[in-house]
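Undergrad: Have a look at the structure that comes next, please.
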Amino acid sequence: MNQSELIVKALQGHKVSTVLDLWAGRGQDSLLCASYGCKVDAVDANKMKLWQFPSHLKQHPNISFHEKMIHEYLQENTKKYDLIMMFNAINFLKPEYVQGKLFELLSNMLNEKGTIVMNYFRKEDETMKDTNLYDEEELAVIDKYCSIEYSKYEVVDDQHPPMWFHQHHIQYLMLRKL
Ligand SMILES: C[S@@+](CC[C@H](N)C(=O)[O-])C[C@H]1O[C@@H](n2cnc3c(N)ncnc32)[C@H](O)[C@@H]1O
């Protein structure tokens, strides 16, 4: 399972017309949903040089790009969505926010039977130690707002400088609004 496969699983499971891509990064997940005919709101602060949302995707008829911080967008937005995507994101947010308001805000933004697809680096991940790592217990807040429809723990080999060969411990989740 990778994030594209999980997104396609969500798109095939229930009718999805509207999508929110939180931390859209380089836009590949927004483009995948747009290719299924969904209207996508893509949010990214666009502050990291290596993770710029491409300008050609900003012209896409099914994608609206919002240059915003996640917490700003969640605070201001009044739209509801069928699907929210949040990949490679929560480890970089403040734990007080993730374990506090985040999932309540997200579930309020979902239509009935709406879906969240996401992943996070687990406690076991040695190479992501400088971020905020989680396990099921620390994300128990999710159960208050969503049921877990699908969950998969994967250990993924990776190789790049400066540490060369290493493994990522990634948890994939598909959640359904209660
Ligand atoms: C690791 S990338 C993940 C991108 C994409 N979701 C993916 O999986 O390919 C992190 C992205 O989050 C953005 N970012 C970091 N902090 C943010 C914040 N608080 N609000 C919005 N975007 C943020 C960065 O600009 C970057 O594009």
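Read the figures in this text as sums done on the coordinates, not as results from a lab. Computed from a predicted model, the values in this text were never measured in an experiment. Every residue, glycine as well, gets a Cβ built from its backbone with ideal geometry; the counts of neighbours run over all protein chains shown.
Undergrad: With springs only between Cα atoms under 10 Å apart, run a GNM on the chain and tell me which of Ala42, Ala140, Ala24 wobbles the most.
TA: Ala140
Undergrad: Give the distance, in whole Å, between the Cα centre of region 34-69 and the Cα centre of region 100-125.
TA: Value for the Cα centre distance between the two parts: 20 Å.
Undergrad: A follow-up question, please. At a 10 Å Cβ-Cβ cut-off, how would you order Lys49, Lys177, fewest neighbours first?
TA: With the fewest neighbours first, Lys49, Lys177 line up as Lys49, Lys177.
Undergrad: Given springs between every Cα pair under 10 Å in a Gaussian network model of the chain, which of Leu20, Leu11, Leu83 has the largest fluctuation?
TA: Greatest mean-square fluctuation among the candidates belongs to Leu11.
Undergrad: Excluding Met109 itself, what net charge comes from residues whose Cβ is under 9 Å from its Cβ, given Lys and Arg +1 and Asp and Glu -1?
TA: Its environment carries a net charge of +2.
Undergrad: Additional query: Using a 10 angstrom cutoff on alpha carbons, build the Gaussian network for the chain and name the most mobile of Thr127, Thr115, Thr18.
TA: Checking each option, the largest mean-square fluctuation is seen for Thr127.
Undergrad: Checking the a/c ratio against 1.5 first, then a/b against b/c, what shape does the Cα gyration tensor give for region 31-85?
TA: It comes out oblate by the Cα gyration axes.
Undergrad: I've got another one for you. Checking the a/c ratio against 1.5 first, then a/b against b/c, what shape does the Cα gyration tensor give for region 29-178?
TA: Details: a/c = 1.65, a/b = 1.16, b/c = 1.42.
Here region 29-178 falls in the oblate category.
Undergrad: Just checking the chain: which Cys have no other cysteine's beta-carbon under 4.7 Å?
TA: Unpaired cysteines in the chain: Cys146.
Undergrad: For an R0 of 25 angstrom, estimate the FRET efficiency from the Cβ-Cβ distance between Glu154 and Gln12 and round to the nearest 0.05.
TA: Values: r = 20 Å, r/R0 = 0.81.
The value I calculate is 0.80.
Undergrad: Taking the simple approach of a point 7 Å from Cα along Cα-to-Cβ for both Ala45 and Thr131, what is their distance in nm?
TA: Modelled inter-label distance: 1.4 nm.
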